[in-house]
Every structure is written in structure tokens, then in C-alpha cells.
Amino acid sequence: MLADKHILLIVGGGVAAFKALDLLRRLREQGAKVTPVLTKAGAEFVTPLSLSALSVSKVYQDLFDLTDEAEMGHIELSRAADLIVVAPATADLMAKMAHGLANDLASTLLLATDKRVLIAPSMNVRMWEHPATQRNLATLKGDGVLVVGPDEGAMACGEFGPGRLAETPDIIAAIDVALSDGPLKGKHVLVTSGPTHEPIDPVRYIANRSSGAQGTAIAKALVALGAQVTFVTGPADVPPPAGVRVVAVKTAKEMLDAVTDSAPADAAVFAAAVADWHVANAGDSKIKKDKSGLPKLEFAENSDILATVSQMKTGRPALVVGFAAETDDVIAYATAKRLRKGCDWIVANDVSPSTGIMGGSENDVTLITADGAEDWPRMSKDATAAELATRIAKAIT
Ligand code: CTP
């Protein structure tokens, strides 16, 4: 898998930097070519000499090193590799990446690259848990940066918690996935997920129940098969998966706009629980419980995003997959829904409270296609997602 792959390994400054030497050694053992880039802080922990000895390569350190520029400019360096790996990724490096700073060689390469980037964060637990770092992490994930770790455990600083650099085998596994030429490589798949919130006034809203777990699992499974995924998500309980382009929305209208803006796509999966109505007379001021009686809400229908995309005259994705969450006559309603909306497949499930599917970790679905209904065994939402992603890959490649 790693044979003949070229990895640009950026070593940030942190106690865990010494583990980058082990990572480098193992990557080389598996046949990868590794070009090390050492930050100024990283050089406080490991020497350029050890990196160059292990990589049998020049170690790049300085943005303004004219020799480097004569040999290979920083733009070229950022694009020559198949993958950029940042290990350890410090809080500072993550902040620079999240904000697009380019004030040293590492941050400039990360801004200039057109390749996938995998970071292995490592820092003190308080720094990791700080809202600023978590904000930066969310931004980076939204930008499609892949993340491995950090692990939880005792730290060099004496504290305990998440912040330890992921173990070398885990980083290598993540590198394998990042480099995988899955069957969906080069395919763009759009996934909607989570609920939508339709405002009643600035503090209240109506919504459907949805944790976003199934949509998130599907996006993750599609990424694992090499797809480029645009993940349009309402306010879900579970965080978006790594490696996707995240478009966060609140209302059905915003979701429709985000979906339209993300075209063209080779396939689209509509796992979102979109509210069917919005409040037409939603106001900018909070409704008060005064003597004028109960509020009179006027509802208006939301556009059906799945139906809109399914019935597109031009630029329709080759495969459009909808979901049907039903409580009665699941197959009959879902079969009718497929025809009514004009999508290719419907993933139908019984969400009656007794099934425990809504908000749970398992799903029990029936795939409805033009060929009929196919019952799948009850399995985890991850396994359901993996099966669906495999079917999608077969259908569009
Ligand atoms: N959907 C959508 N946009 C909407 C409503 C639903 O894209 N405004 C999508 C959902 O993401 C899901 C599918 O349509 O893939 C099924 O939605 P559902 O709400 O069950 O369908 P309805 O047409 O509302 O049918 P009913 O309420 O009668 O069950």
C-alpha cells in the first residue's frame, strides 16, 4: 500500500516529536519515500540529522533557504508528495492551519498544497480541550483535513486525558486510508444529514428528531472508499466525520441552497430529517407570553430537496438515494415515496419507538430500488453505511 508513495512529514514542536522518528522509520520500512520538514520548535526536540539519516533525504527547515528554493520551491515541495502528514501537530500548528497563516515553511506548505493533509495532534490535555483548539479542529475537519488521535493517557506533563500522539500503527493505518485508491476515487458524493431547525422566533424553533448518526456514518464510509464528499449537515448531535467538506446549515431553505451550490455530484444521499414546514410568520422579536393569547403560527411547506434533485432536468446525479423513516406499512410507503420523489433508491426503516433505532447505534433497513425491496439484517449504523457505500460504488463506477 505504501510502496512508492511519497509522504511529506511535517514534524512540529512537542515532546512527542521523537515519536516522529519511529513513524518515519516504519514508513520507510513499508517502502514509502519520506521527505521531512522540521519546524523551528520541532528542532528543539529532534535534530535534523536524525531525520535526514532515517529518511535518507534532505530535511527542509527554512522558508527563506535559497538553496532549497533553487532545488525545489516551496510550492513544488508542497505538491510533490502524495500526502502531507503532520506529526506531531501542535496546538500552534493547528491554529496556523485553521487560520491560513503562512509565516514559516511548514505553514506555507500546508497552505500551498493541493494534496490531502493528515494531522496527528499532540499537546497538553488542557490545550487540546481549550475551546480555541476545538474550534480550530472543527474548522480543519470542515476543510477536509484528516485527523488521527490524539489518544488518551498519562502525559509527559504529568496530566491525564486526551492529548497523546496516536500510536505509530494507528497513524500508519490512517495514512493507508488517506492514500487509498478506493473505488469511489474521483467521484463527488453529496450527503445531507441531521435535522433542520425552522425558527418560530429568534429563540424557538421546530425540528425533526435526528442525531445525524446515520448520515455521518454514510459520509465516513464513502470517504473510506475514496469519494470526495460534501456533507451538508443541519444541527446534529454527532460531529461531522473527518475528510469531508462540511457545509453547516440550519434551515431546510439553507440546506436546499447548499445542495444546489454543491452540484455537480456523481451521487447524492439524502439522509437528513428535513422539516416539512417552516413558520411563515416567524418574527425577528421574541414572542412574549402576554395577554394577547396563544401565538398563531402559520406554516408553509418547505421545498422537498430530495425530489428537487431527483427531478433535475440537467446535471442530475447518476444515483439519488433517499431515506424513508416510517412507523407503519414501511415497505408500501417507502415504495410509493421512491416513485413520488423520483429518486433511484430509498433506504427505508421502521422508526417506531419500540425499534430503538431513532437515536440508537443500530439500524434495520430495507433497500427499495426499481428491482424491488431487499431486507438487510439489523446491524450497526456503521455497518449499514459501509454496505450502502459499497452498493453506491458498484452502481456508479
Ligand atoms: N427530504 C428532503 N427535503 C424535504 C423533506 C424530505 O430532502 N423537505 C428527504 C429526506 O432527506 C429523506 C426523504 O426525503 O431522504 C424522506 O423524507 P420524508 O420526510 O420521510 O418524506 P415525506 O415526503 O415528508 O413523506 P411523509 O412525511 O409523508 O412520510
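The values are calculated or read from the model by the stated rules, or taken from the named source; none is laboratory data. All values derive from a computational prediction rather than experimental measurement. When we count neighbours, we look across all protein chains shown, and the Cβ atoms used for this are built from the backbone with ideal geometry, even at glycine. All accessible areas refer to the heavy atoms of the entire protein, side chains included, with ligands and DNA or RNA removed. Shrake-Rupley method; radii C 1.70, N 1.55, O 1.52, S 1.80 Å.
Do the conditions hold for THR314, that is, is it assigned to a loop (DSSP other than H, G, I, E, B), of a type in the set (Ser, Thr, Tyr) and in the same structural domain as THR196 (by TED's automatic domain parsing)? It is true that THR314 is assigned to a loop (DSSP other than H, G, I, E, B), of a type in the set (Ser, Thr, Tyr) and in the same structural domain as THR196 (by TED's automatic domain parsing). Counting the residues of region 345-380 that are more than 15 Å from the ligand (Cβ to nearest atom), under 28 Å from the mean Cα position of the chain (by Cα) and assigned to a loop (DSSP other than H, G, I, E, B) gives 8. Scanning for something surrounded by 23 or more Cβ atoms within 10 Å (Cβ to Cβ) and not in a helix (DSSP H, G or I), does region 23-33 turn up at least one residue? Taking every residue of region 23-33 in turn, at least one turns out to be surrounded by 23 or more Cβ atoms within 10 Å (Cβ to Cβ) and not in a helix (DSSP H, G or I). Only one of the listed residues (ASP151, ASP170) is outside the structural domain of SER303 (by TED's automatic domain parsing) and out of contact with any helix residue (DSSP H, G or I) (no Cβ under 9 Å at 6 or more places or on another chain). That residue is ASP170. With respect to GLY322, determine if the residue is at pLDDT below 95, under 25 Å from ASP261 (Cβ atoms), not in a helix (DSSP H, G or I) and not basic (Lys, Arg). So GLY322 does not fit the description; no.
Note on region 179-212: residues that are buried (at least 23 other Cβ atoms within 10 Å of the Cβ) and of a type in the set (Ser, Thr, Tyr) amount to 4.
None of ASP350, ASP344, ASP290, ASP304 is more than 21 Å from PHE270 (Cα to Cα) and among the acidic types (Asp, Glu) except ASP290. Checking the structure you have, find out if any residue of region 126-144 is among the aliphatic types (A, V, I, L, M) and part of a loop (DSSP other than H, G, I, E, B). Among the residues of region 126-144, not one is among the aliphatic types (A, V, I, L, M) and part of a loop (DSSP other than H, G, I, E, B), which makes the answer no. Applying the criterion of being modelled with pLDDT of 90 or more and polar (S, T, N, Q) to the residues of region 350-383, the residue that is least open to solvent (accessible area, probe 1.4 Å) is THR366. Within region 49-65, the set of residues being under 23 Å from ALA91 (Cβ atoms) and open to solvent by 40 Å² or more (accessible area, probe 1.4 Å) comprises GLN61, ASP62. Within the span defined as region 78-93, every residue fails to be outside any strand (DSSP E or B), among the charged types (D, E, K, R) and open to solvent by less than 30 Å² (accessible area, probe 1.4 Å). If the condition is being farther than 23 Å from LYS187 by Cβ and free of Cβ contacts under 8 Å to residues at least 40 places away in the same chain, then region 238-253 contributes only VAL238. Filtered by the rule that a residue be of a type in the set (Ser, Thr, Tyr) and closer than 21 Å to VAL351 by Cβ, region 362-395 gives THR366, THR369, SER380, THR384.
Scanning region 216-235 for residues that are surrounded by 20 or more Cβ atoms within 10 Å (Cβ to Cβ) and over 17 Å from GLY144 (Cα atoms) turns up just one, GLY234. Of the numbered criteria (1) surrounded by fewer than 17 Cβ atoms within 10 Å (Cβ to Cβ); (2) closer than 26 Å to VAL189 by Cα; (3) within 14 Å of the ligand (Cβ to nearest atom), the one ALA318 fails is (3). Being at pLDDT 95 or above, outside any helix (DSSP H, G or I) and buried (at least 18 other Cβ atoms within 10 Å of the Cβ) is a condition met by at least one residue of region 331-344. For region 300-311, indicate whether the set of residues that are more than 13 Å from the ligand (Cβ to nearest atom), in the same structural domain as VAL351 (by TED's automatic domain parsing) and either open to solvent by less than 100 Å² (accessible area, probe 1.4 Å) or without any contact (Cβ under 8 Å) to a residue 24 or more places away in the chain (or both) is non-empty. Scanning region 300-311, I find no residue that is more than 13 Å from the ligand (Cβ to nearest atom), in the same structural domain as VAL351 (by TED's automatic domain parsing) and either open to solvent by less than 100 Å² (accessible area, probe 1.4 Å) or without any contact (Cβ under 8 Å) to a residue 24 or more places away in the chain (or both), so the answer is no. The numbered conditions (1) surrounded by 14 or more Cβ atoms within 10 Å (Cβ to Cβ); (2) within 33 Å of the chain's Cα centre (by Cα) are all true for ILE287 except (2).
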